[in-house]
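The numbers here are math on the coordinates, done by the rules we state, and not lab data. These numbers come from a predicted model, not from an experiment. Every residue, glycine as well, gets a Cβ built from its backbone with ideal geometry; the counts of neighbours run over all protein chains shown.
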Amino acid sequence: MTDNATTQMTDAPAAKAPAGKKLSPRARIATGAVALALLGAGTFGAVSATAAPAQTTAATTAAATTVDEGLTRTSTHLTLGAATRAARAAVDAAKKGGHAVSVAVVDRNGDTIVELRGDGAGPQSYESAARKGFTAVSWNAPTSELVKRLEQAPTLKDIPGTLFLAGGTPVQAEGAPIAGIGVAGAPSGALDEQYAKAGADALGK
């Protein structure tokens, strides 16, 4: 009895592999199968988590509304290259005249496309040029002519972003304004507008 009991107690721990002992080939295969199963479950979860945003994006795209052609309008804009050419021509014309100016070319909405500041141009000329360009394209007229309108409507000068001083000229395409060129920094508004016109003329060549 004592011998049998001792044998049973000794045999029970033998089922557990002692620490540091290598696993048998069969045990290693079983362990690898469990690891693969866990890895597969993790990968599936990752794929499922990634798939959710894709479904959300598809739903968002499907919810977009398409309007009829009759509700849209195509507008014409100067290219960056054309705007740069006009600005460069205005700066060069001013330089030939012995003046340092700032030149701004704005689009139909009054947003600046290109602005160049000549060497030595005053700091105040930078903003003034942009505002002259905006004013010219807004009313589709040279700012020297718009100055005269202030006599009949003096509150025009209170419109934000405008500057009713000579030096701005509009650029047209098919009879409609598409851009404005503003120049500031010369000794007079007449000269500013002369240089702005030189920039506009460069687009017609």
Amide N of the stretch 171-200 lying under 20 Å from the label point, which is placed 7 angstrom from the Cα of Asp119 along Cα→Cβ: 184-187
Cleavage-rule hits (GluC sites (Glu not before Pro)) in the stretch 114-152: DSSP loop, at most 14 neighbouring Cβ within 10 angstrom: Glu151
Pairs of lysine residues in the stretch 59-171 - Cα separation under 26 Å, sequence separation of 8 or more or cross-chain: 5
